[in-house]
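Worksheet: the structure to be examined is printed underneath.
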Amino acid sequence: MKAAPLRTDQSPVDQESPESTQNQNDTTTVEYPDGGTKAWTAVFGCFCAFFGALSMMNSIGVYQNWLSTHQLEEYSSGSVGWIFGLYNFLSFFTGILIGPLFDAKGPKPLSISGSVLLLLTYVLLGWCSKYWHFMLCFGILGSFSTCLLFTAAMGTVQHWFLKRRGLATGLAICGGSVGGITTPLVLSALLPKIGFSWAMRALALLMVPFVACAILLMRGRHQDISTMPKSILPDITVLWEPRKAVLTVGALFVELGLFIPMTYVASFATNHDMSSEAAYRTVTLMNVGSLIGRWLPGWLGDKLGRFNMLNIALALCIASIFGIWLPPTGASTAGLTAFAVIFGVGSGSGISLLPVCIGQLCETENYGKTFTAVYSVASIGSLIGVPLGGQILEVAKGNYMGLIIFSGAAYVVAFGSLTIVRIMSAGSKGSTKF
């Protein structure tokens, strides 16, 4: 496939009426408002959808720490990790079925079904007590609800923005960070007082206004006869283009490295004699850093290049893992706090910029199937990362050094892969905007 030229952004920024602009991989003309009431209202709807979709994912460390010491205390760390590994995997892998549906029908059917399943997940979690209960409810039902909302929200932003796509995507996906900040605080306050069952029901009530706003405000712009795909079946062939293939490898290793710190930072804290409240607070701090990382690099990426900023974000993750978490200082309260915030900034940037970079390599009307094809492969990293981390802990008899090195090494491979994509697209000159 012929490499595409760099995109030229010609969209207006502050007016309601859209201007035509040509997508970098297509010869057709696509209009992007890139601002205005309808566009920013849609972004707020996506923010609410991400709050619902990613609150659970960004709080996995709290759930892992609680279940390992309560309902599932008789199971090993590796066994408990498979629940969250399956959840992470299916949250992205099932998108290969949902992405083409988004391209054809828009976000509405996805947001409605995802919202219903999300609320059902929290309610049913309150009744879970056995391993297979959590595997079915958290691992399967929860992941499917996450994927529906995540795919709908991510695709919707791409329909409304081009020139300011990085900023808009970052602001929308901040909803996941806000959810990741809120949920650990709610759980740390409620779990000791009212128990797990009622805490889950309280979270279900918390989600209601957010998913309602998501359903009402998210809307797509390219669901018409001229742009509707011929089939809503999955299409993995979009990854045959060399740049997309290498980007997919990078995405896989981002997911492989990401969920290990997110999942095990709370148990790492308690293992080093910190209280449960301090451990949950570490998860919250990681999401505070992520909140900054999801919008600021997106804004800078629109100005300096999205791939450029993504590589900087991955380098920050590598530096925080090997420079703070791995040395002895990482076991102190101050050191772990610094790691949580800095890693949160870097990983949050990766989460928000990677989907934008995918959009930079494909047509907007095919974004859904391209994004979900990439993440269906990347989800393998989500599947094996957490349980592999648990197995490493068991082999090391509770020593976290191997787990930390494994996570950092995954980010090194991701950094190398995304650097190759950038060089393939824009050359080796670092100052080139891409």
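See the values below:
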quantity: Rounded to 10°, Cα long-axis angle of helix 333-359 versus longest principal axis of the chain; calculated: 30 degrees
quantity: Tilt relative to the chain, helix 143-160 - C-alpha long axis, 0 to 90 degrees, to 10; calculated: 30 degrees
quantity: Likely footprinting exposure, 374, 116, 345, fewest C-beta neighbours within 10 Å first; calculated: 116, 345, 374
quantity: For the chain, the longest site-free run once GluC sites (Glu not before Pro) in DSSP loop states with at most 15 other Cβ atoms within 10 Å are removed; calculated: 75-434
quantity: Ordering of 294-305, 85-96, 265-276 by burial proxy (mean other Cβ atoms within 10 Å per residue, highest first); calculated: 85-96, 294-305, 265-276
quantity: Tilt relative to the chain, helix 306-320 - C-alpha long axis, 0 to 90 degrees, to 10; calculated: 10 degrees
quantity: Choice from 106, 385, 257 with maximal GNM fluctuation in the chain (Cα, 10 Å cutoff); calculated: 106
quantity: Length-normalised contact order of the chain in % [C-alpha pairs under 8 Å, at least 6 apart]; calculated: 26 percent
quantity: Environment charge at residue 77 (Cβ cut-off 14 Å; Lys +1, Arg +1, Asp -1, Glu -1); calculated: -2
quantity: Kirkwood Rh, angstrom, region 77-125 [1 / mean 1/r, Cα pairs]; calculated: 12.5 Å
quantity: Which label in [x] 27; [y] 12; [z] 15 gives the computed percent of Cα pairs over 40 Å apart; calculated: [y]
quantity: Loop-resident sites, region 98-169, for trypsin sites (Lys or Arg not before Pro), counting at most 10 other Cβ within 10 Å (DSSP); calculated: 130
quantity: Highest-first arrangement of 325-335, 144-154, where packing means the average Cβ count within 10 Å; calculated: 144-154, 325-335
quantity: Compactness of region 274-391 - radius of gyration and Dmax, Cα, Å; calculated: 16.1, 49
quantity: Gyration tensor (alpha-carbon) shape descriptor, region 271-338, a/c threshold 1.5; calculated: oblate
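Values quoted throughout were computed directly from the atomic coordinates according to the rules given, and no laboratory measurement underlies them. Bear in mind the structure is a predicted one, so any value in this text is a computation, not a measurement. Cβ: placed from backbone, ideal geometry, glycine included. Neighbour counts: every protein chain shown.
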